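The values are calculated or read from the model by the stated rules, or taken from the named source; none is laboratory data. Please read all numbers here as calculations on a predicted model, not as lab measurements. Virtual Cβ from ideal backbone geometry, glycine too; neighbours counted across all protein chains shown.
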Amino acid sequence: MPPLMRRRGDLIEHKKVGYSRWSVYIGNGEIVEVDSDNNHEVIRRPRKFEVSVSWVNNEFDERVKPLKNDVIVQRALSQVGANWKDTHPLAIINNISEHFAKWCRYGTDVCNQSPHLSFHDNHASVGLGKVETGLLSLKLPNAYTTAQNNSNSTNFKVGAELIGGEAFGAVKWSAQAAADAGIDHGNGKHAINIGVDGPQAQVGPLECKSGIRADTGVNCNKDGLGFTLLGTGVQVGRKTKVSFLGSSIGFNL
């Protein structure tokens, strides 16, 4: 869910009528994005005033662990000057910026705006897309699987979302179910994760999640300092939350 402040490597969603444009924030007020007005060239530019509503949207963080912030920025800058359409000819023109932004942050260039069937090294998804009206959007049914095995974690997750929606970038909700199991052993987190997640909602920085989990471990990283024992625990920091048996309420700074 979106935090209150932008950080290097965050994805920014700019709401338009009928679609969204996506950018990668690289710090110092600059972004990298696909310029649909310039033959889909990847450009680097300062953020500027425009007639749209924009907010941070790292929506895939719940499904796929994002790359490190420096890596995300490096991936974005490595494509400046390239024509993204030439290397991704199947991308839908209005949604090509989302393909690029997701590729930078997650290593997978899936797009939730349009119907899709996507397979990558560690992620597979199928969905019917979104209905976009500018400030409001409705996410149609979708499903996914994710498997990761690297120096920091070994995790497997499978989930499905019946329907979801968002309004003004401040209110989000999802009727979903997901199950996962794995081990985190890096980036300041050491934990065993296993459980089932249910519907969740967010209003501004306040986030509520339902589920039944047995997560056990400790963490001390950029998200905060905390512990969890059989799904019950507390974390204080950029992501402050209290959890009980897998359900939680939190505040994202």
- Task: May I ask you to verify whether GLY188 is at positive phi, touching a residue at least 24 places away in the same chain (Cβ under 8 Å) and more than 17 Å from the chain's Cα centre (by Cα)?
- Result: yes
- Item | Filter result for GLU132 (out of contact with any helix residue (DSSP H, G or I) (no Cβ under 9 Å at 6 or more places or on another chain) and within 23 Å of VAL34 (Cα to Cα)) | yes
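So which of ILE163, ILE249 is under 23 Å from SER125 (Cα atoms) and part of a strand (DSSP E or B)?
On the way: ILE249 fails: under 23 Å from SER125 (Cα atoms).
The conditions single out ILE163.
Any idea which residue in segment 138-152 is surrounded by the most Cβ atoms within 10 Å (Cβ to Cβ), counting only those that are without any contact (Cβ under 8 Å) to a residue 60 or more places away in the chain and assigned to a strand (DSSP E or B)? Even if it seems obvious, please write down each step before you answer.
From segment 138-152, those without any contact (Cβ under 8 Å) to a residue 60 or more places away in the chain are 138-143, 145, 147, 149-151; that's our starting set.
Next, only the ones that are assigned to a strand (DSSP E or B) stay: 138-139, 142-143, 145, 147, 149.
On the way: LEU138: 14, LYS139: 25, ASN142: 21, ALA143: 16, THR145: 16, ALA147: 15, ASN149: 12.
Among them, the one singled out is LYS139.
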- Item | Where HIS123 falls short, out of the listed (1) touching an Asp or Glu at 6+ places or on another chain (Cβ under 9 Å); (2) surrounded by 16 or more Cβ atoms within 10 Å (Cβ to Cβ) | (1)
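Residues that are of a type in the set (Gly, Ala, Ser), part of a strand (DSSP E or B), without any contact (Cβ under 8 Å) to a residue 40 or more places away in the chain and surrounded by 16 or more Cβ atoms within 10 Å (Cβ to Cβ): does segment 202-210 have at least one? Even if it seems obvious, please write down each step before you answer.
Quick first cut of segment 202-210, residues of a type in the set (Gly, Ala, Ser) only: 204, 210.
Then drop every residue that is not part of a strand (DSSP E or B), which leaves 210.
Remaining after also requiring without any contact (Cβ under 8 Å) to a residue 40 or more places away in the chain: 210.
Those left that are additionally surrounded by 16 or more Cβ atoms within 10 Å (Cβ to Cβ): none.
There is no residue in segment 202-210 that is of a type in the set (Gly, Ala, Ser), part of a strand (DSSP E or B), without any contact (Cβ under 8 Å) to a residue 40 or more places away in the chain and surrounded by 16 or more Cβ atoms within 10 Å (Cβ to Cβ).
Looking only at segment 230-253, which residues are of a type outside the set (Val, Ile, Thr), closer than 17 Å to GLY217 by Cα and surrounded by fewer than 18 Cβ atoms within 10 Å (Cβ to Cβ)? Break it down into steps so the answer makes sense when it comes.
Filtering segment 230-253 down to residues of a type outside the set (Val, Ile, Thr) leaves 230-231, 233, 235, 237-239, 241, 243-248, 250-253.
Next, only the ones that are closer than 17 Å to GLY217 by Cα stay: 230-231, 233, 235, 237, 239, 241, 243-248.
Correct list: LEU230, GLY237, PHE244, LEU245.
Can you pull out the helices (runs of 4 or more DSSP H) entirely within segment 17-115 that have at least 3 residues that are touching a Phe, Trp or Tyr at 6+ places or on another chain (Cβ under 6 Å) and at pLDDT 75 or above?
Numbers: elements: 69-78, 84-87, 96-106.
Correct list: 96-106.
LYS172 - would you say it is surrounded by 14 or more Cβ atoms within 10 Å (Cβ to Cβ) and either modelled with pLDDT under 90 or farther than 17 Å from ASP61 by Cβ (or both)? Walk me through it before giving the result.
Details: surrounded by 14 or more Cβ atoms within 10 Å (Cβ to Cβ): yes; either modelled with pLDDT under 90 or farther than 17 Å from ASP61 by Cβ (or both): yes.
So LYS172 passes the test.
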- Could you grab me the full set of residues in segment 116-133 that are over 16 Å from GLY18 (Cβ atoms) and either assigned to a strand (DSSP E or B) or touching a residue at least 60 places away in the same chain (Cβ under 8 Å) (or both)? HIS116, LEU117, SER118, PHE119, HIS123, ALA124, SER125, VAL126, GLY127
